[in-house]
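The values are calculated or read from the model by the stated rules, or taken from the named source; none is laboratory data. Here the structure is a predicted model, which means the values were calculated and not measured. All Cβ positions, glycine included, derive from the backbone under ideal geometry; neighbour counts span all protein chains shown. Areas reflect the complete protein model, heavy atoms only, side chains present, ligands, DNA and RNA absent. Shrake-Rupley method; radii C 1.70, N 1.55, O 1.52, S 1.80 Å.
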Amino acid sequence: MINQAEWLWERMIERGENFESGFKESLNLQPGASDEDFQLIEKTLGVTLPEEVKSLYRVYNGQVWELGTNPFVRNLTLSPTSEVIDNWCFLQEEFDPDDGLELEIEKELKPFLWNSKWIPIAANGGGDYLCIDTDPSDAGTAGQVLYFWHDWGNRSVEARNIFEFIEICLKEDCEQY
């Protein structure tokens, strides 16, 4: 699977370079994650990371956001493994199910506004996260990708796994950069 992850990273970088010289450097990519990084996430969150996610992170352990950092897809910054844990802890502590949000959810997801088995791997900087679902409904697939919107109750599956999600983003017509 590492080959597919490397290929997807190459495609994301190549696409960005078509729009902006020095795009790869502006991603602020971090050296690949280790098995210890994955074990820490799994132990802390009480989940099993899908192999696709591990493969993606073995190539680059996310991005460090700072002014001028470009998103890896859409408007999303891929969180380093340490930030995944920090974001998950934040959501565990701060999410208030009584915020009055009306739940709009697809059948592939369990009917929750927040599920502690969702892994927030990317963020848009506005309180919204791209999550990996490790606890789907019977109609869903472990590893499916969804958005967690902090101020909207819509929870919908974006793709069956992170590789498919990136493929969808790469095929989108609108310029992302």
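General remarks:
- Volume per residue of the convex hull around the Cα atoms, evaluated for the range 43-141, comes out as 121 Å³.
- Amide hydrogen neighbours beyond the local backbone of residue 105, cut-off 5 Å, H modeled: 155
- Antiparallel beta bridges, as assigned by DSSP with both residues in the chain, represent about 90 percent of the total such bridges.
- Carbon + sulfur, % of accessible area of the chain - ligands and nucleic acids excluded, 1.4 Å: 47 percent
- Evaluated over the range 22-169, the count of Lys pairs having alpha-carbon atoms less than 22 Å apart is 5 (only pairs 8 or more residues apart or interchain).
- Accessible solvent surface per residue of the chain, calculated while the other protein chains remain in place, 1.4 angstrom probe, Å²: 49 Å²
- Separation of the residue 66 and residue 48 label points, Cα + 7 Å toward Cβ, nm: 3.9 nm
- Estimated inter-spin distance, residue 141 and residue 164, nm [label 7 Å along Cα→Cβ]: 0.3 nm
- Working note: Karplus 6.51/-1.76/1.60 with θ = phi - 60° gives the range 42-47 the couplings 4, 5, 5, 8, x, 10 Hz, where Gly and Pro are set to x.
- The C-alpha atoms of the chain occupy a region whose extents along the principal axes are 46, 36, 31 Å, arranged from largest to smallest.
- Placing +1 on the Cβ of every Lys and Arg and -1 on the Cβ of every Asp and Glu, with nothing else charged, gives the chain a dipole about its Cα centre of roughly 420 debye.
- Residues in the range 135-152 carry Karplus couplings, in order, of 9, x, 6, 4, 7, x, 10, 4, x, 5, 10, 9, 9, 9, 9, 5, 10, 8 Hz; the curve used is 6.51 cos²θ - 1.76 cosθ + 1.60 with θ = phi - 60°, and Gly or Pro positions show x.
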